[in-house]
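Chemist: Structure provided below as structure tokens; questions to follow.
The values are calculated or read from the model by the stated rules, or taken from the named source; none is laboratory data. Since the model is a prediction, treat every value here as computed from it, not as a measurement. Cβ sites come from the backbone with ideal geometry, for glycine too, and all protein chains shown count toward neighbours. Heavy atoms of the whole protein, side chains included, go into the accessibility calculation; ligands, DNA and RNA do not. Shrake-Rupley method; radii C 1.70, N 1.55, O 1.52, S 1.80 Å.
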Amino acid sequence: MTKFTLLFALTVAGVSQPVLAEPVPSQPSDKLADEQLNLASEVEAIDFTWSGHRVFAQMIQRGDHQIIAYYDANRQMSIAHRAHQRTPWRYQKVPSFVGWDSHNYVTVDVDEEGYIHVMGNMHNDPLVYFRSTEPWNVRSLKQVDYIIDPERDTNVTYPRFMHDRDGRLIAIYRLGGSGNGRYYYHRYDTATKTWSLMHDGQFFDGEDERGAYYTGPVLGPDGNFHMIWVWRETPSAATNNNLSYVRSPDLVNWEDSNGKPVALPLIRSTGEIVDPVPTFGGMLNGQKKIGFDADERPMISYYKNDANGDTQIMLARKSGKGWTTHQISDWTGSKQFLDRGGSLNVSILVPQDPYVADDGTIRVRVQRDGEEIEFAVDPASNRTVRAGSSKSTPDVIGTFQDNPELVQFVRKAEGTPKESAYDFYLSWEANPPAQDQARGEIPAPATLRLHKIPR
């Protein structure tokens with residue numbers, strides 16, 4: 001560790017009188033000794049990051065390994081890895097630079113053998129994909145031109161990694177635009193180091209008239225993978241419609257909520273519709289979350305407009321052979337203008353899955369005009385019994401905001417073991433989305449921080 005590195009780490013931790021230390025020899029195990037650690041701090045500065053607009057970073061934990069994917073101050077896609085909390089971070093910059101599009105996040109995961117996979121910086125663009133040539137070696141990342149076919153992987157959006165029951169890596173992304181997008185699932189074979197389509201063709205089919213925006217698949221307590229989605233007719237967000245649902249035991253065979261097989265690709269006329277919200281009905285594609293009630297049945301939080309045109313928070317629950325939908329907010333003056341394209345900065349968010357609290361009530365967390373609100377819903381009547389303030393992230397993270405003119409974004413690390421005594425959060429500051437248009441001024445780079453928070 002250099003003097004500069006130690007000085008920088010102590011300064012970020014809030015130490016008023018930084019102390020310089022002489023460099024110490026590296027450990028044979030590459031694991032830092034206690035005297036080398038800043039044990040008084042629960043926050044680390046990872047890097048300076050781009051702050052001109054919101055573009056999401058991601059952190060995952062796989063065993064003891066931690067990986068962060070983000071854009072640095074020069075807009076360059078960057079990946080940091082460490083094998084353990086007591087080993088140093090290693091960084092790799094790959095040849096991809098973000099513009100002004102908030103769709104162009106970066107996502108990362110690891111296959112069964114420890115090879116690192118990275119995708120990102122795409123909104124109807126050719127595939128941007130990197131894979132390490134050595135297990136757990138971030139500095140061995142190399143660009144791979146395509147997953148299936150170079151002529152097919154040319155207009156990619158919304159990349160995502162997940163794992164099946166056997167731990168095999170799956171890549172999902174959309175080909176095509178918002179009004180005619182087609183989603184595909186691909187499974188990685190570590191023996192041949194190749195990808196193959198999981199289904200004969202596309203997963204969603206908008207029939208050249210619409211596209212699907214999904215959440216999931218999420219592995220539920222019943223052992224099934226659950227997915228929800230909405231359809232969208234045009235690039236205008238106001239044309240989102242028809243909240244829909246499907247589930248699967250294995251990500252290959254799919255069925256409706258009653259166990260009836262559903263053929264792929266999913267089209268609007270064959271999907272199970274939870275709430276037939278019409279176009280211009282106030283539903284937004286990114287604001288829907290799925291959770292499970294005390295009987296392990298799926299429930300969905302989302303919003304749409306009421307008869308007066310105000311946006312209201314809704315809770316849909318599986319009931320008998322169908323679904324019931326319940327308005328759980330009673331707001332006025334809440335209508336949002338959604339007849340726009342690009343990445344929207346909206347006033348109402350549904351950032352978390354609905355869940356069952358210790359007292360048995362169903363909790364739905366939302367944000368309105370920056371205020372975090374939690375609704376407590378009686379599971380018997382599906383009526384709101386109270387609404388109050390809530391906190392989705394620890395208060396201490398807010399004390400690390402450097403520039404009050406920017407928005408502080410916080411994302412929780414994925415994959416932290418259940419037995420861990422800590423959760424990990426990334427925080428950084430940036431301008432909000434502006435429909436993917438360039439701004440006239442660029443703020444100074446922000447600090448990307450990692451917060452270690454006791455559970």
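Residue-by-condition table, conditions (1) without any contact (Cβ under 8 Å) to a residue 12 or more places away in the chain; (2) of a type in the set (A, V, I, L, M, F, W, C); (3) over 24 Å from residue 61 (Cα atoms); (4) open to solvent by 50 Å² or more (accessible area, probe 1.4 Å):
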| residue | (1), (2), (3), (4) |
| --- | --- |
| 135 | no, no, no, yes |
| 138 | no, yes, no, no |
| 142 | no, no, no, yes |
| 150 | yes, no, yes, yes |
| 170 | no, yes, no, no |
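Chemist: Right, here's the next one. Checking residue 324 against (1) farther than 16 Å from residue 368 by Cα; (2) buried (at least 16 other Cβ atoms within 10 Å of the Cβ): exactly one of these is not met. Which one?
Modeler: (2)
Chemist: Now for a separate question. Note down all Cβ pairs under 7 Å where the first residue falls in the stretch 394-407 and is touching a residue at least 24 places away in the same chain (Cβ under 8 Å), the second is acidic (Asp, Glu), and they're at least six residues apart or on different chains.
Modeler: Pairs that qualify, where the first residue is touching a residue at least 24 places away in the same chain (Cβ under 8 Å) and the partner is acidic (Asp, Glu), are 401/429; 402/429; 403/429; 406/429; 407/429.
Chemist: Looking at the stretch 64-100, which of its residues are closer than 14 Å to residue 49 by Cα, among the polar types (S, T, N, Q) and under 21 Å from the mean Cα position of the chain (by Cα)?
Modeler: Passing the criteria: 76, 78.
Chemist: Let me ask something additional. Can you spot a residue in the stretch 218-230 that is at pLDDT below 95, open to solvent by less than 40 Å² (accessible area, probe 1.4 Å) and closer than 29 Å to residue 129 by Cα?
Modeler: no
Chemist: Considering every residue within the stretch 243-256, establish whether at least one is among the polar types (S, T, N, Q), in a strand (DSSP E or B), without any contact (Cβ under 8 Å) to a residue 60 or more places away in the chain and farther than 26 Å from residue 181 by Cα.
Modeler: no
Chemist: Do we find that residue 319 is within 29 Å of residue 255 (Cβ to Cβ) and without any contact (Cβ under 8 Å) to a residue 60 or more places away in the chain in this structure?
Modeler: It is true that residue 319 is within 29 Å of residue 255 (Cβ to Cβ) and without any contact (Cβ under 8 Å) to a residue 60 or more places away in the chain.
Chemist: Do we find a residue being under 27 Å from residue 239 (Cα atoms) and open to solvent by less than 40 Å² (accessible area, probe 1.4 Å) anywhere in the stretch 350-357?
Modeler: Scanning the stretch 350-357 turns up at least one residue that is under 27 Å from residue 239 (Cα atoms) and open to solvent by less than 40 Å² (accessible area, probe 1.4 Å).
Chemist: Yes or no: residue 248 out of contact with any strand residue (DSSP E or B) (no Cβ under 6 Å at 6 or more places or on another chain) and open to solvent by less than 40 Å² (accessible area, probe 1.4 Å)?
Modeler: no
Chemist: Turning to a different aspect of this structure: Can you tell me which residue in the stretch 104-117 is farthest from residue 213 (Cα to Cα), limited to those that are of a type outside the set (Asp, Glu) and not in a loop (DSSP other than H, G, I, E, B)?
Modeler: 116
Chemist: Go through the stretch 101-123 and give me each residue that's closer than 21 Å to residue 345 by Cβ and of a type in the set (Ser, Thr, Tyr).
Modeler: The answer is 102, 105.
Chemist: Identify, from the list 417, 433, the residue that is of a type outside the set (Gly, Ala, Ser), closer than 24 Å to residue 123 by Cβ and not in a strand (DSSP E or B).
Modeler: 433
Chemist: If you scan the stretch 246-292, which residues turn out to be under 26 Å from residue 201 (Cα atoms) and of a type in the set (Phe, Trp, Tyr)?
Modeler: 254
Chemist: Pick from the stretch 90-103 the residues that are open to solvent by less than 10 Å² (accessible area, probe 1.4 Å) and assigned to a loop (DSSP other than H, G, I, E, B): which of them is farthest from residue 74 (Cα to Cα)?
Modeler: Ranking the qualifying residues of the stretch 90-103, first place goes to 102.
Chemist: Here are some residues: 439, 386, 411. Which one is open to solvent by 50 Å² or more (accessible area, probe 1.4 Å), within 24 Å of residue 102 (Cβ to Cβ) and part of a strand (DSSP E or B)?
Modeler: The conditions single out 411.
Chemist: Oh, and also: Residues 55, 15, 24: which one is under 19 Å from the mean Cα position of the chain (by Cα) and either at pLDDT below 95 or part of a loop (DSSP other than H, G, I, E, B) (or both)?
Modeler: Result of the check over 55, 15, 24: 55.
Chemist: Do any strands (runs of 3 or more DSSP E) lying entirely in the stretch 118-185 carry at least 2 residues that are aromatic (Phe, Trp, Tyr), and which ones are they?
Modeler: 129-132, 156-163
Chemist: Does residue 266 satisfy the condition of being among the hydrophobic types (A, V, I, L, M, F, W, C) and within 17 Å of residue 182 (Cα to Cα)?
Modeler: Yes, satisfied.
Chemist: Open to solvent by 20 Å² or more (accessible area, probe 1.4 Å), in contact (Cβ under 8 Å) with a residue 40 or more places away in the chain and on the phi > 0 side of the Ramachandran plot: does that describe residue 292?
Modeler: No.
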